[in-house]
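Colleague: Here it is: the structure, laid out below.
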Amino acid sequence: MKLFEISFVNISDQKGGVGYKMDALVNNRIKQVLKGDQNAYSDIVNLYQHKLYQICYRMLSNKHEAEDIAQEAFVRAYINLHTFDQKRKFSTWLYRIATNLCIDRIRKKKPDYYLDAEVAGTEGLDMYSQLSSNDKLPDDQVEQMELQDRIQYEISRLPDKYRSVIVLKYMEELSLQEISEILDLPLGTVKTRIHRGREALRKQLNNL
Amino acid sequence: MGTCPQYIVDYMQEYLDGDISRENEQQLKQHLQNCASCRQHMHELSDTVAFVKSAAHITAPPHFESEVMKRLPKGKSRVGVQRWFRRHPILVAVAVFFLFMSTSLIGSYQNNEFSVTKQPNLVLDGQTVIVPEGVIVKGDIVVKNGDIIVEGEVDGNITVINGEYMASTAVVTGEIEEIDEVFEWLWYEIKSMANTVVELFQ
Ligand SMILES: [Zn+2]
């Protein structure tokens, strides 16, 4: 019984330790980069590349675009590194750059009426299924999709303001607080968007 | 489901957030026991969450890191740029010069106008500047498109552009330069600008 307690304490210590070590490593590399050592940045890229690429891919549904935007996000972060407040979490700052770039990219591709409709989008969820009907595939084709393709397809049909919160919460597994900082939205708005995002997804999945 | 109150759906969402009060949870459970359509709705929402959570983790392509490193700008930080300016003042001056000044300078070179630095005690004779005997000029003298004869003393540099420097028993503490070619003259302008640039960055 006592042994069990001890090992339990150790596990939680390790967990805190890993996070602390990673932050310390990142801050150390940032300082080196700021001193002019460009190569130190490769450790930062190495550490966050998969998570950042995943966010971009989930947002854009296109491998080439995701790669381009994720790389661009790292480059922007590098250029603006002197503005980063090292008391804050680096990943939050980096993800914010990436999600902004993704949203810009999505809006550039969309016809204007789509944008306007979203801004005006109030409570009515019906509007969203109407709006996304443009990219909707025939039902039989959707039913034959592999699970992973189907997930990405459904995510891609969400309006981008719901897509971003759903991706950050369920795929990046971030806390609501972090999501609110990344998207620069009040916590309440993040919650509402998650609720509506889940509801919109539910309708998509059950509309076949 | 049309007859069911909206707050029941709100409770479902709060329940899925793991952020529901005990009272609301009780109310939700009671309603779900008696309402098949809300039960269905709740099931669908839970399935939706399970569906997105089953998304596989995606990894970046193989050469992602090196591609990012290739895309980084070379002369990155502002500190670095300032240092570079200080180390290469002539190059910076050349760049600044050709960007902003070339037309006006070449223009003024080509109009052949006589000019001389304003200093007290200088005597002008047509396009010839004379530093008379017994006179001490403190500071640099630049003569453009004219000659200079020094009989007294100059405590500074003398530069003659497109002209001649003549002296017999003169005392000049600084450097004497004669510039006749366009290129040399430009070079002179660039050098003096470089000194200004160096001062700016110190
Ligand atoms: Zn009901």
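Laboratory data are not the source of any read-out in this text; all were calculated from the coordinates shown. For clarity, every value in this text was computed on a predicted model and none was experimentally measured. Every residue, glycine among them, receives a Cβ derived from its backbone with ideal geometry; neighbour counts consider all protein chains shown.
Colleague: Once both labels are modelled 7 Å past Cα along the beta-carbon direction, what's the B:S192-B:A167 spacing in nm?
Modeller: 1.8 nm
Colleague: Arrange the following residues from fewest to most other Cβ atoms within 10 Å of their Cβ: B:H41, B:H88.
Modeller: Ascending number of Cβ neighbours within 10 Å: B:H88, B:H41.
Colleague: Another question, if that's okay. Using a 7 Å offset from Cα along Cα-Cβ at A:R150, what residues in segment B:29-53 end up with backbone N under 19 Å from the label point?
Modeller: Only B:41-53 pass the distance filter.
Colleague: Would you mind calculating the gained length between B:E25 and B:N157 on full extension (0.36 nm times residue separation, minus the Cα-Cα distance), in nm to one decimal?
Modeller: Full extension from B:E25 to B:N157 adds 38.3 nm.
Colleague: Work through the residues other than B:V135 whose Cβ is under 12 Å from its Cβ and net out their charges, Lys, Arg +1 and Asp, Glu -1.
Modeller: After counting each charged neighbour, the total is -3.
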